[in-house]
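The values are calculated or read from the model by the stated rules, or taken from the named source; none is laboratory data. As the structure is a prediction and not an experimental result, all values here were calculated from the model. Every residue, glycine among them, receives a Cβ derived from its backbone with ideal geometry; neighbour counts consider all protein chains shown. Note: areas computed on protein heavy atoms with side chains; ligands, DNA, RNA excluded. Shrake-Rupley method; radii C 1.70, N 1.55, O 1.52, S 1.80 Å.
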Amino acid sequence: MIMVLFAVHFQTNGNASSGPKLYTAYNIWEWSGFNMRCINYKGGRSMIPAGTEILDPKVTDYCTNPTDCTKVIRFKLASNKKKYKIFFTPAYHPGKTIKDYKNNMFTAKNFEELTAGLTQQEKTAIKTGVIQNGMSKKAVLISYGPPPEHATPNLNGNVWLYWKNKKRTEKILFNSKNRTGPENVQGNEREQETAASIEEKFLALKRLLDKGLITQDEYDKKKAELLENM
């Protein structure tokens, strides 16, 4: 009996130490060689989509020789174990550290949780890595990542500046409603907010079911009520 209890206790502790799954918090553009940086240049041909499951994120030293070392963010994809390293250039990110970027780059939220409350148009734009008229600041952050702090020190402003590569930039403009594009581009704002609110309730309901806090019957009943209100 003692041996059985010990085995159960050991297994529980082992699972707990593995921690929650982690995902990319925004689209990260891929570059060959040593050109992947926290500034997240947008000129790469492919990207690691927001919501991609990753493993072993950490800040470590990268050394070309024993006297020439710099800090990099390392991680690998859960799907194929492909490894990445991302360099941090302090001049591009005043007020931030490489550890700040590591913490912002990864999240415990999957894509559905990460984009809760966004419109379908915003989610489609994020999946394709573009910025379209009518996107909220939250949607822009997931699609493009945070703008480099040396050119955009305050996210409350209505102009964010991003880099395609070392020479080309892209300016994102927000209207008075904190949406990209002209003032009237948002369309039926009330309808979008209602749909977003219902989607958030669906996700919250599913989390309660997954955690065993409600029964399947309770979940089905509440889900039916939400569908009736759409």
Students often check this: by mean Cβ neighbours within 10 Å, which of 115-126, 159-170 ranks highest, and how do the rest follow? 115-126, 159-170
Can you list residues from other chains, or at least 5 along the same chain, whose modelled amide H is less than 5 Å from the amide H of Leu118? none
Pull up the cross-link candidates among the lysines for Lys177, meaning alpha carbon to alpha carbon under 20 Å and not fewer than 8 places away within one chain. Lys123, Lys137, Lys138
Over region 45-133, with every protein chain in place, what whole percent of the accessible area is carbon and sulfur at 1.4 Å, could you tell me? 48
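Please calculate how many Å² of accessible area region 139-179 carries per residue, with a 1.4 Å probe and no DNA, RNA or ligand atoms counted. List each step's numbers first, then the result.
Working: 2180 Å² over 41 residues.
Result: 53 Å² of accessible area for each residue.
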Between Thr169 and residues 5 or more places away or on another chain, the pairs with built amide H atoms under 5 Å apart involve Lys164
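Determine the shape class of region 47-180: with a ≥ b ≥ c the square roots of the Cα gyration tensor eigenvalues, call it rounded for a/c under 1.5, and otherwise prolate if a/b is greater than b/c, oblate otherwise.
On the way: a/c = 2.29, a/b = 1.37, b/c = 1.67.
It is oblate, given that a/c is not under 1.5 and a/b is not larger than b/c.
Per residue, how much accessible area does region 20-80 have with a 1.4 Å probe, in Å²? Can you show the working numbers first?
Details: 3170 Å² over 61 residues.
Per residue, region 20-80 has an accessible area of 52 Å².
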Considering only C-alpha atoms, what is the centroid distance from region 24-42 to region 89-103, in Å? 14
Long-range amide H contacts for Lys109: which residues qualify at under 5 Å (H placed 1.01 Å from N, peptide plane, sequence gap of 5 or more or a different chain)? Tyr23
